[in-house]
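The values are calculated or read from the model by the stated rules, or taken from the named source; none is laboratory data. Everything numeric in this text was worked out from a predicted model, so none of it was measured. Remember, those area values only see protein heavy atoms, side chains included, never the ligands or the DNA or RNA. Shrake-Rupley method; radii C 1.70, N 1.55, O 1.52, S 1.80 Å.
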Amino acid sequence: MADLTPTPDFPGIRIADGQQTGTPFADYVCRCGASDRATGTNDVMDLVADYTANHGPAHRRERGGR
């Protein structure tokens, strides 16, 4: 199985439901250099909201892209 961990060379967000670990987790690395990680349902939801509003998709909107 491939390692899907986001890196500066391959930015993005990774979200896992916790079936194997028992606790949901997420992490991201953005092209702007920001990164973050979270565990637990509420913290993961907050991290996804932050990434969506301020990083990955938000940066594409700033450049006029999709």
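Keeping every protein chain present and rolling a 1.4 Å probe, give me the accessible area per residue for the chain in Å². Please list the in-between numbers first.
Working: 4900 Å² over 66 residues.
I get 74 Å² per residue for the chain.
How far is helix 41-54 tilted off the main Cα axis of the chain, in degrees rounded to 10, range 0 to 90?
The two axes meet at around 10 degrees.
Among (i) -0.64, -0.87, -0.96; (ii) -0.31, -0.72, -1.02; (iii) -0.40, -0.74, -0.95, which one is log10 I(q)/I(0) by the Debye sum over Cα atoms at q = 0.12, 0.19, 0.24 Å⁻¹ computed from these coordinates?
Matching entry in (i) -0.64, -0.87, -0.96; (ii) -0.31, -0.72, -1.02; (iii) -0.40, -0.74, -0.95: (ii).
What is the percent carbon and sulfur in the accessible area of the chain, measuring with a 1.4 Å probe over the protein chains and ignoring ligands?
Working: 2440 of 4900 Å².
Carbon with sulfur: 50 percent of the solvent-accessible area.
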